[in-house]
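No value in this document is a laboratory result; all are computed from the given coordinates. Note that the coordinates shown come from a computational prediction; the quantities given were computed from them, not determined experimentally. Positions of Cβ are backbone-derived with ideal geometry, glycine not excepted, and every protein chain shown enters the neighbour counts.
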Amino acid sequence: MSDQASTPNLKAGILTRGSGPSIAYRRTPGRGPGVIFMTGFMSDMSGGKALALEELCRGRGNACLRFDYAGHGESEGAFADGTIGSWAADALAALDELTDGPQVLVGSSMGGWIMLLAALARPERIAGLVGIAPAPDFTERLYAEELTREQRDVMKAEGKVIVPSDYEDDYTFTQALIDDGKDQLLLGGEIAIDCPVRLIHGLEDDAVPWRTSLTIQEKLRSDDVEITFVKGGDHRLSEPHDLDRLAATVARLLDLVG
């Protein structure tokens with residue numbers, strides 16, 4: 001494992017593990033609570049939200065960690081080999097090996113599912129959560145509502161299917177992702193998390209319905225849950241004013257729990 005203070009152009013540190021691909025990360029030293037950013041499906045730690053949070057933490061003096069799941073960004077591994085469970089294990093390795101003390105987890109889209117799984121696994125380490133268009137259980141909706149019968153047949157026969165995307169790269173969905181997702185479902189019962197939670201969701205999100213955030217707050221055991229709905233907001237919420245809102249939300253939560 002190597003470690004270097006994070007700057008935009010600095011070479012990533014590498015977290016090596018006894019088994020599994022090595023994880024690339026960038027860590028900004030500082031006081032606690034720290035902030036860990038968890039990216040979305042096929043996203044990486046170089047995105048605008050991750051960099052905005054790093055800038056916020058550097059200005060405040062809080063520690064910050066951003067990293068890539070296996071098969072994403074600068075980390076080792078093949079994307080098609082990943083599942084929700086394996087990426088959650090990557091997140092836990094980053095939390096355990098690269099941070100100390102209480103942490104605020106910030107998860108975007110699929111990262112919102114990962115952050116909830118991490119908080120359930122390490123409740124003593126988690127001071128608060130911030131979800132941006134959080135997408136727990138998205139594999140169920142994906143399989144039942146978004147993939148066509150033909151695409152499901154291809155995935156079953158070949159183990160994966162490639163689906164055109166509105167973003168830079170087409171999506172690769174695997175049968176393993178769908179099958180493992182069933183073992184990680186959270187919205188069928190109480191989510192036993194007690195820390196403060198903040199959710200931000202665009203009302204024009206065409207990837208994760210905004211009502212998902214309502215369901216999450218209903219299932220959370222915590223009494224301190226706030227949702228911000230953004231009129232006209234899309235799934236990414238990456239425009240400058242969106243990043244300002246995210247930074248302000250995280251700053252207020254850090255003030256509350258710190």
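When only alpha-carbon atoms are used, what values of Rg and Dmax, in angstrom, describe the range 171-212?
So, for the range 171-212, Rg and Dmax equal 13.8, 35 Å respectively.
For the ranges 183-191, 105-113, 200-208, 216-224, what's the packing order if you count other beta-carbon atoms within 10 Å of each residue, average per peptide, and put the highest first?
For the peptides 183-191, 105-113, 200-208, 216-224, the packing ranking is 105-113, 200-208, 216-224, 183-191.
When the helix-only estimate is applied to the chain (DSSP H runs of n ≥ 4, each -39,500 (n - 2.57), divided by the residue count), what is the mean residue ellipticity at 222 nm, nearest 500 deg cm²/dmol?
-10500 deg cm²/dmol
Taking the Cα centre of each part, how many Å lie between the range 196-215 and the range 11-55?
23
Kirkwood Rh and Cα-based Rg: tell me the resulting Rg over Rh for the range 108-206, rounded to two decimals.
When Rh is taken as the Kirkwood radius, the ratio is 1.02.
For the modelled label position 7 Å from the Cα of residue 182 along Cα-to-Cβ, which residues of the range 106-144 have backbone nitrogen atoms closer than 12 Å?
140
Can you tell me the alpha carbon radius of gyration of the chain divided by the globular rule-of-thumb value 2.2 N^0.38 Å?
That works out to 0.95 for the chain.
What would the Debye equation give as log₁₀ I(q)/I(0) for the range 45-156 at q = 0.23 Å⁻¹, counting only Cα atoms as equal point scatterers?
-1.44
What is the Cα coordinate range of the range 103-146 on the first, second and third principal axes, sorted by size from largest, in whole angstrom?
Here the Cα extents, ordered largest to smallest, are 36, 18, 8 Å.
For the range 151-258, what's the radius of gyration and Dmax over Cα atoms, in angstrom?
Looking at the range 151-258, its Cα Rg and Dmax stand at 17.2, 51 Å.
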